[in-house]
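What follows is calculated from the coordinates using simple rules that are stated; it is not laboratory data. For clarity, every value in this text was computed on a predicted model and none was experimentally measured. Note: ideal-geometry Cβ built from the backbone for every residue, glycine included; neighbour counts use all protein chains shown.
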Amino acid sequence: MKNLTRKEELIMLSILNLKSNAYLIAIVDHLTKITGKNVSLTSVHIPLSRLEKFELIKSNYGEATAVRGGRRKKIYKITNLGLEALEEHKRVSDILWEDYLEYLLPKE
Amino acid sequence: MKKRSFSFKFLEFFLKYLVPFEDQENLAGDFAEMADRISYAKGKVRAICWYVIQILKLLPSYFKNYTSWSVTMVFNYFKIALRNIKKYATYSFINITGLAIGMACVILILLFIQDELSYDRFHENADRIYRVVDSFDVSGGIDRDFALTSAPFAPTLKQDFPEVEDAVRLLTRRHMVTYEDKKYFEDFLFYADASVFNIFTFPLVAGNPETALVEPNTIVISESTSLKYFGKDDAMNKTLNINDDDYVVTGIMKNMPRNSHFYSQIFASMKTFEKEQKFQELYFQSWARHEFYTYILLHENYSSEDLQVKFPAFIEKYAAQQIQTILGGRISSKLQPLKSIHLHSHLQMEISPNGDIKYVAIFSVIALFILLIACVNFINLATARSVNRSKEVGLRKVVGASRYQIIQQFLGESLFFTLFALILALILVAFALPFFNSLTGKEIEMNYLTNFILLGSIGLLLLFVGLISGSYPAFFISRYQPVNVLKKTINIRSGKSYLRKGLVIFQFTLSIILFIATAVVLDQLDFLRNRKLGFNKEHVVVIPIRSNSIRKNAEAVKAELMQNPNIISGTITIGVPGGLVAGDAIRLVTDEGEKKLTLRMIYTDHDYVKTMGMEIVEGRDFSKNMSTDASEAFLINEAAVREFKLENPLETQVEWGGSDYAYGIEKKGRVIGVVKDFQFQSLRDAINPLIIHVWSQNTFVFAMRIQPDDISGTLAFIENKWKDLDPAHPFEYSFMDETFDRIYRSEEKLSKIFSVFSMLAIFIAALGLFGLALFMVEQRTKEIGVRKVLGASMGDIFVLLSKEFVFLVLFANLFAWPTAYFLMHKWLDNFAYRVNIGFWIFIFAAAVAFVIALLTISFQAMRAALANPIESLRYE
């Protein structure tokens, strides 16, 4: 099982958030919005193709829109393998985050 | 829908090439969306910049992808090509041999052309050096254009025209040169003005070029001449004896390169001549006596045309008067650029025979023919074999090869073949070069590493042949639809056989043209050799007269030699036919009046006509019994009678001025006989008017007709006698027929070259045909088997297989005949006497092509016809 990087995690979760509109620029916009930082096309495109290569996500073509010069979008979806990877990632993260919650709670 | 601006469309165009196909659409869409957004927020210029940056960012990954795949594919192509060469060894052999021979021919011709074009280029000032040549306009049949001028030209031109930086005269002489006990007869001796080293680039290894030839009786010799006379000693300031006169060596020059239109071993100072009173009058003050080669060096900023325009006035001022009185006509002068002399100048009295741009052209055409024939072989065999390769191509396409890649593969393969052939060709050239040199009479050497032009042209040749011969198969094969090929639903063989047939016809057309040309050249040569010459050239011994004492006592010498009964008759003359002939001015006085003419002249003694076996058609020959014959009798030839319209030739009075009209009439008399026309010059030219008279001062050879039996005994006798008479010079002799045949040397060369190259062309074409026949038989193995089973006889099968090709070859004749006729007709126009192109030549060429084609095919056809049908049918 592949370990996800922070970037990959962010991208995969964005795909889940965006549902049926998860294409490159939407993901970039989404991440820019939540992080409040500039996210470049390249920094998303490269992890995307990596994820696709490891079959954690898959893609198919959506509809053509005028703003894109009549070209179709490449819409990404999480595969079962991808879900497993996310779950594993979450499990590990959750364990690691546990102490943080304790630290935050007021001590009795 | 918003209209997209042109700049974005242009940028998107790059994406197509940089991005793998499957990513193209969405990436272009993403970029467009982004760009739109940027353009909305920050302006269009920023958007374009952003787009360009994105494309630049894509480049590294593109290159990485591209090279890694290309390298892999090239290795694959290479492997497949090698496998194919091995698997189809016969075809590969045919292709490579044909190409190698074709390319070897081209390389040889390239070397030849390069050598021809390199003549006289080694002079630093080559662009500014011009030769002054004269053209005569005098009544009479003398040839008009001479490479010579008279002596005053050079100094007067230099003095009158500021354009002329310097001028030099050359006078060629053949003299005996002695140093102590060493004696050689020097053919390459020139008298030259001191300025010769200023104009031409002949570097001196010793001595000062400025002053070397200023003083009389000084000479500059070449390094090899120095070695010949002085061995390893320093030659400077030593004395050489030339023609009984002493000369001091004041300079040693590097040996002259061979690619010069004149070749000199020794330059002697012109002053030696000039200082003598008798030569002053005879040569140096006479505008009429044309004996000198004049070269001028033009100042950098002047053009030769501008100078040439001033020549008529110049001649009018100095020369016209004298030439009118002496030669009875006018002259005009021209300037010849030094660099064009070797290939374009064919004047009378050239220093040495020049090359000819026509031969350069003919050779190039032949080489191109052969190369094309070899290329056609390649194309034919490659397309024929495409059936075998179609599966490969289909499979490659199925796994994703683009058409472009297939083209690349096949072009690469043909380049690989060509490279292979080129290496073979270079080896062939190395072996063929000595043979080629003897054929063309050159001394070409191969220096691959230093000869950049050659290297460059070999590279071009490689590309040209590789692409020409590879392009058709590549484009043709790459067109296959994989589905059709793999399902075997198309019949590839039927498709393109028209082209193949056309190319076979083309090949054989070229071969037949070369064959006919060879036959015509040989025929013409034969015709020239056997033409009635008007004299008997057999069994005449010619001895050059070198000593003045022999010249003075000619009659006594003759009497001495005539003691031998085997010597039938002898004559002392200026030259035998095919050798030297003078030209001089005379005055004819007929009933109609006086005519001043310049015509060809032979000085001789009483026995010339008899010794040469010529015929007198009117009047009589010279006779010793007539005491006046020596002083007032002339013979003319029939051409003169015709040309000058002499109705009663025997009543024509003749006046001749001797060496110079200006000093009075030397000889006055009448025509006593008319000699039948005989060929005294090259057979390219018609027979010119000629006058013969007895005069002993300008005689250079002694010619004797001898009995055909015991020639060696007679020669030994002559040699003994001659050595007694002229002990100072080595005995030399030649036979007149050999000398005379030398006139045809250039035709002979041409005929040899034609023979060799047309043989090669036919060989390569036959090789191609052999390959095609082999292929065809292979393709039709099953058909032949079935036919045999059904009862076809061996003859039937043979006819079936050979008829198509034989028909093609015969068809090629239709194209070859008119072309060859036209070309050869043009060539024959060069000759005054020419053979008719006989119809038999064409029939013969057709027959030879037919037989060769049949023989080539029959080997394969016989094999197929003889094969047991079981063998051919069982293979499935």
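Here are the numbers:
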read-out	value
Rounded to the nearest 20 debye, dipole of chain B from Cβ charges on Lys, Arg, Asp, Glu	6260
Compactness of the stretch B:614-653 - radius of gyration and Dmax, Cα, Å	11.0, 31
For the protein assembly as shown, convex hull of alpha carbons as volume per residue, Å³	318
Using alpha-carbon coordinates, inclination of helix B:357-398 to the longest axis of chain B, degrees	10
Chain B: Rg to Rh, with Rh as the Kirkwood radius over Cα pairs	1.11
Dipole magnitude of the stretch B:547-728, debye to nearest 20 (Cβ charges: Lys/Arg +1, Asp/Glu -1, about Cα centre)	240
Chain A: angle of helix A:24-35 to the longest principal axis, Cα-based, in degrees nearest 10	30
Bridge type composition, the protein assembly as shown - antiparallel percent by DSSP, nearest 5	80
Student exercise, the protein assembly as shown dipole from Lys, Arg, Asp, Glu Cβ charges, in Debye to nearest 20	6880
Calculated [θ] (222 nm, deg cm²/dmol) that DSSP helices of n ≥ 4 give over chain B, each run adding -39,500 (n - 2.57)	-18000 deg cm²/dmol
Positive dipole terminus of the stretch B:126-350, leading residue within B:Phe262, B:Ser286, B:Val249 (C-beta point charges)	B:Phe262
Entries of B:Lys334/B:Lys667; B:Lys183/B:Lys552; B:Lys271/B:Lys442 with Cα pairs more than 32 Å apart	B:Lys334/B:Lys667; B:Lys271/B:Lys442
Translational diffusion coefficient (Stokes-Einstein; Kirkwood radius from C-alpha pairs) of the stretch B:352-422 at 4 °C, 1.567 mPa s, in µm²/s	86
DSSP-defined antiparallel bridges as percent of all bridges, the stretch B:547-728, nearest 5	75
Rounded tilt (10° steps) of B:794-828 against the dominant C-alpha axis of chain B	40
In sequence order, calculated HN-Hα J values of the stretch B:693-705 (Karplus, 6.51, -1.76, 1.60; Hz; x Gly/Pro)	8, 7, 7, 9, 7, 9, 9, 10, 9, 10, 10, 10, 8
Protection-proxy order for peptides B:853-864, B:762-773, each taking the mean of Cβ atoms within 10 Å per residue, highest first	B:762-773, B:853-864
